[in-house]
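Below is one structure; the comments refer to it alone.
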Amino acid sequence: MKIAIISDIHGNMAYLAKAKEIIDSEKIKLVICCGDIQTEEVFHELDLWPQKVYLTLGNADLELEYKLKSGLIYPEKLKFYKDFSVLDLDKRKIAFTHYDFYAKKLATEGKYDLVFYGHTHTPWEEIIGKTIILNPGEIAAQFGKPTFAIYDLTQMKAKLVLLA
């Protein structure tokens, strides 16, 4: 099973559309977004995707968090979480969050096979104990090239996808 991990979109609809084309062409059915989508436009776009999308909110999502809590916007399909969430997929226990410090804490607990995070905008993969920790980089292209990751849960291998 392959999943896509995206993060730090910061309203960049053009690169998000490019990522979606690749996600569709790879026939990926599940996307994990590690936060900082920043705009309602991105929120509604992700909610329309045919893939199942799980989103954790980041520091640039405070206005969205307020609107979600107040019922001013609501997802039809998108599953969203404030701090972190855990999924069991393909016999793998996966945690995801926005923040790097939180990801490292989750990884040191030894409960998860994989931990995904964003926030730093820098693609990164390392092993902490028995846990693989991965940052897919940024869709936004604010600090570097726009990237996301495709993770093959069967092979336990990541592929970094460059969008520009």
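With the crude spin-label approximation of a point 7 Å out along Cα→Cβ, what separation in nm comes out for residue 82 versus residue 111?
Label-label distance for residue 82 and residue 111, simple model: 1.7 nm.
Just name one of 150, 119, 19: the one whose Cα is farthest towards the positive end of the charge dipole of the chain (beta-carbon charges, Lys/Arg +1, Asp/Glu -1).
150
Calculate the dipole size of the chain relative to its Cα centre from +1 charges on Lys and Arg beta carbons and -1 charges on Asp and Glu beta carbons; express the result in debye to the nearest 20. Please report the intermediate quantities before stating the final value.
On the way: 21 positive and 23 negative charges, 122 e Å.
Dipole of the chain, to the nearest 20 debye: 580 debye.
Report, for region 2-162, the % of DSSP beta bridges that are antiparallel, rounded to 5.
If I count the DSSP bridges inside region 2-162, around 55 percent turn out antiparallel.
DSSP loop (so not H, G, I, E, B), at most 16 other Cβ within 10 Å: list which GluC sites (Glu not before Pro) in region 1-108 pass both filters.
Here the sparse-neighbourhood loop sites are 26, 76.
Could you work out the longest stretch of the chain that avoids the trypsin sites (Lys or Arg not before Pro) located in DSSP loops with at most 15 other Cβ atoms within 10 Å?
30-76
What net charge is computed for the residues neighbouring residue 100, neighbours being all others with C-beta under 14 Å from the C-beta of residue 100, Lys and Arg scored +1, Asp and Glu -1?
Charge balance in the 14 Å sphere: -4.
Under 20 Å between alpha carbons, and skipping anything fewer than 8 positions from residue 111 in its own chain: which aspartates and glutamates qualify?
Partners within reach: 83, 88, 90, 100, 125, 126, 152.
Take the alpha-carbon centre of region 60-76, take the same for region 110-164, and report the distance between them in whole Å.
Taking the Cα centre of each part, region 60-76 and region 110-164 sit 26 Å apart.
Give me the dipole magnitude in Debye, nearest 20, for region 1-74 about the Cα centre, with unit charges on the beta carbon: positive for Lys and Arg, negative for Asp and Glu.
I would put it at about 360 debye.
Counting Lys and Arg as +1 and Asp and Glu as -1, what is the net charge of the other residues whose Cβ lies under 12 Å from the Cβ of residue 67?
Values: positive: 69; negative: 40, 61, 63, 65.
Net charge in that neighbourhood comes out at -3.
Quick one: give the max-minus-min coordinate of the C-alpha atoms of region 66-156 along each principal axis, largest first, in Å.
42, 31, 25
Please give every one of the lysines within straight-line cross-link reach of residue 159, meaning a C-alpha to C-alpha distance under 18 Å, and leave out same-chain neighbours fewer than 8 residues apart.
Cross-link targets: 2, 18, 20, 27, 29, 145.
I need the chymotrypsin sites (Phe, Trp or Tyr not before Pro) found in region 97-141, filtered to DSSP loop residues with at most 11 other beta carbons within 10 Å of theirs.
none
For residue 153, what charge total do you get from the other residues with a beta carbon under 14 Å from its beta carbon, if Lys and Arg give +1 and Asp and Glu give -1?
Residues near residue 153 contribute +2 overall.
In region 1-136, if the dipole is taken from +1 on Lys/Arg beta carbons and -1 on Asp/Glu beta carbons about the Cα centre, which of 1, 85, 135 is farthest to the positive end?
It is 1, whose Cα lies furthest towards the positive end.
Mind checking Rg over Rh on the chain, alpha carbons, Kirkwood formula for Rh? Don't jump to the answer; show the numbers that get you there.
Numbers: Rg = 14.4 Å, Rh = 15.4 Å.
Reported Rg/Rh (Cα atoms, Kirkwood Rh): 0.93.
Just so you know, all these numbers are worked out from the coordinates, no wet-lab data involved. Since we're looking at a predicted model, the values are computed, not measured. All Cβ positions, even for glycine, are placed from backbone atoms using ideal geometry, and neighbour counts span all protein chains on display.
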